[in-house]
1. If the Cβ limit is 9 Å and pairs must be 6+ apart or interchain, which residue in the range 46-68 that is within 21 Å of K170 (Cα to Cα) pairs with which residue that is among the aromatic types (F, W, Y) and near the ligand (Cβ under 10 Å from one of its atoms)?
2. From the list G56, G14, G32, which one is near the ligand (Cβ under 9 Å from one of its atoms) and either assigned to a loop (DSSP other than H, G, I, E, B) or in contact with a Cys (Cβ under 8 Å, 6 or more places away or on another chain) (or both)?
3. Kindly indicate the residue of the range 72-88 that is within 22 Å of Q48 (Cβ to Cβ) and surrounded by 19 or more Cβ atoms within 10 Å (Cβ to Cβ) and also farthest from the ligand (Cβ to nearest atom) among those meeting that condition.
4. D95 - would you say it is under 13 Å from R2 (Cα atoms), touching a residue at least 12 places away in the same chain (Cβ under 8 Å), surrounded by 16 or more Cβ atoms within 10 Å (Cβ to Cβ) and within 11 Å of the ligand (Cβ to nearest atom)?
5. Any residue in the range 174-181 that is surrounded by 15 or more Cβ atoms within 10 Å (Cβ to Cβ), modelled with pLDDT under 95 and within 15 Å of the chain's Cα centre (by Cα)?
6. Examine the range 47-61 for a residue that is in contact with a Lys or Arg (Cβ under 7 Å, 6 or more places away or on another chain) and over 22 Å from A107 (Cβ atoms), and state whether such a residue exists.
Amino acid sequence: MRVILLGAPGSGKGSVGDLVRSAYGFPKISTGDLLREAVQNKTPLGVQAASQMGKGGLVDDAIVLGLLRERLARPDCRAGYILDGYPRNLSQAKDLEALDGGRPEIAFLIETREDVVVRRIESRRMCPGCEAIYNVITKKPAQEGVCDACGTALVRRQDDRPDLVPERMKTYHTKTEPLIAYYQAKGVLHRIDGNGTLEETFRPVRSVLDRVLHGPAESQAKP
Ligand code: AMP
């Protein structure tokens, strides 16, 4: 099974992906995280990616595909995986088919209003130690500015700079939105309202996954 999470930056894909991972045990692969790790480690791909990420655009398909290919080859992906932030354009969707086609897939489009997305991006903080995500309004750490899990000081992600948000939204509308029609045509797209709390957003995702993975009886048993 492949679970694809589509949505604007800040729509809640990553948080929903974390809940899917906890509930179903599939690893969550965020190409943004893979890229940030490569940038931090100054790998050759990371050095190339850094300047593109710093402008709010997309990193070259070949770079992202290289990182994804390595990650999908790991044994934990054999039974399935969750993709957060990939594909981001039609050619990546085709790359994914070529890399790992034939696998059953479900795509969730997290639909979140632009004002909500902008507010979430502005209040998002990240732990550079373990990549845990916080929000200074809705998901505060116990001690201000410090990661609950590993004690590292929280930072704002480089690409969450407020001045980059309009460009990232434009990139989403022009490059990523065409994927909605692509997955709709494949008959695997589910639209999810992402404006509420994380629990409210996750509920319909869980119903769909329970139905697909365990059959209708199981999904009815859960409220
Ligand atoms: P994210 O954490 O998913 O918001 O990604 C952060 C940044 O990494 C994006 O603004 C892009 O510059 C880059 N990025 C992440 N995933 C991809 C992808 N699939 N293709 C191209 N660039 C990506």
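1. V64/Y86
2. G56
3. L83
4. For D95, the condition - under 13 Å from R2 (Cα atoms), touching a residue at least 12 places away in the same chain (Cβ under 8 Å), surrounded by 16 or more Cβ atoms within 10 Å (Cβ to Cβ) and within 11 Å of the ligand (Cβ to nearest atom) - is not met.
5. Checked the range 174-181: no residue is surrounded by 15 or more Cβ atoms within 10 Å (Cβ to Cβ), modelled with pLDDT under 95 and within 15 Å of the chain's Cα centre (by Cα).
6. Step one: list which residues in the range 47-61 are in contact with a Lys or Arg (Cβ under 7 Å, 6 or more places away or on another chain), which gives 56, 58.
Keeping just the survivors that are over 22 Å from A107 (Cβ atoms) gives 56.
The answer is yes, given that some residue of the range 47-61 is in contact with a Lys or Arg (Cβ under 7 Å, 6 or more places away or on another chain) and over 22 Å from A107 (Cβ atoms).
The values are calculated or read from the model by the stated rules, or taken from the named source; none is laboratory data. Everything numeric here is computed off the predicted structure, so don't read it as measured data. Using ideal geometry, Cβ is built from the backbone for each residue, glycine included, and neighbour counts are taken over all protein chains shown.
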